[in-house]
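Take a look at the structure below.
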Amino acid sequence: MAEGKKYFAHETAIIDEGCKIGEGTKIWHFSHIMTGCEIGTKCNFGQNVVVSPDVKLGKNVKVQNNVSIYTGVECEDDVFLGPSMVFTNVTNPRSAVNRRGEYTRTLVKKGASIGANATIVCGHDIGEFAFIGAGAVVTKEVKPYALILGNPGRQVGWMSEYGHRLNFDQQGFAVCPESGQKYQLKNDQITRIS
């Protein structure tokens, strides 16, 4: 950790002027944090990560190798971004047409996980504790606690806050096998009840 800095950046990482980086954050090999970024405490960035200008990340966000987080993306606390997953930020890109400043916003809410090689098409928010499977392509809003698989991504179930698939009984209740937390499914919405 450099003198006066409360975060760690590997010597090959590039941190542009005008970034706010929280205490305890670690930025590893060949990563680039661009100007205007706001990064919370205790985040971790793997190798070859690019964080574009004005991106906002909450605390304890884990970004695995080879991820680019483009302008227009915001991640709340405790988000996991798997290796080589992809965000987009323009719905109709063309090389010959400059759409800088027309970025579409995408919000990844608290506790959500996005698996390796998944693609998030811009403008589709990811709900709290949602779980996007490896290789899935998200083309619409994702509900809290939803499990999304496939291309295009389809909801195939529900996940607990600890990342276990929930199996609901006939009354609409389920228990996470790891945490013991109880959940209720009612009107196609999940509520944690303990």
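Computed from the coordinates by the stated procedures, all read-outs in this text should not be read as laboratory data. Quick caveat: nothing in here was measured; it's all calculated off a predicted structure. Because the Cβ atoms are built from the backbone with ideal geometry, glycine has one as well, and the counts that use them run over all protein chains shown.
Table for the structure above
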quantity: Amide H contacts under 5 Å for GLY58, placed H, 5+ residues apart; calculated: GLY40, CYS75, GLU76, ASP77
quantity: Members of LYS5/LYS62; LYS20/LYS186; LYS42/LYS143; LYS26/LYS186 lying beyond 30 Å, as alpha-carbon distances in this model show; calculated: LYS20/LYS186; LYS26/LYS186
quantity: Residues with amide H under 5 Å from that of GLY157, placed H, sequence gap 5 or more; calculated: LEU147
quantity: Placed amide H near THR119: partners under 5 Å, 5+ positions off or other chain; calculated: VAL86, ALA136, VAL137, VAL138
quantity: Candidates LYS109, LYS59, LYS182: whichever shows maximal mean-square fluctuation once the chain is modelled as a Gaussian network with Cα springs under 10 Å; calculated: LYS182
quantity: Summed residue charge, Cβ within 12 Å of CYS37's Cβ, Lys/Arg positive, Asp/Glu negative; calculated: -3
quantity: Candidate aspartates and glutamates - alpha carbon under 14 Å from LYS6, same-chain residues fewer than 8 apart omitted; calculated: GLU23
quantity: Stretchable slack from LYS110 to ASP77, in nm (0.36 nm times residue separation minus alpha-carbon distance); calculated: 11.4 nm
quantity: Residue with peak Gaussian network fluctuation, the chain [Cα springs, cutoff 10 Å], from LEU107, LEU147, LEU57; calculated: LEU107
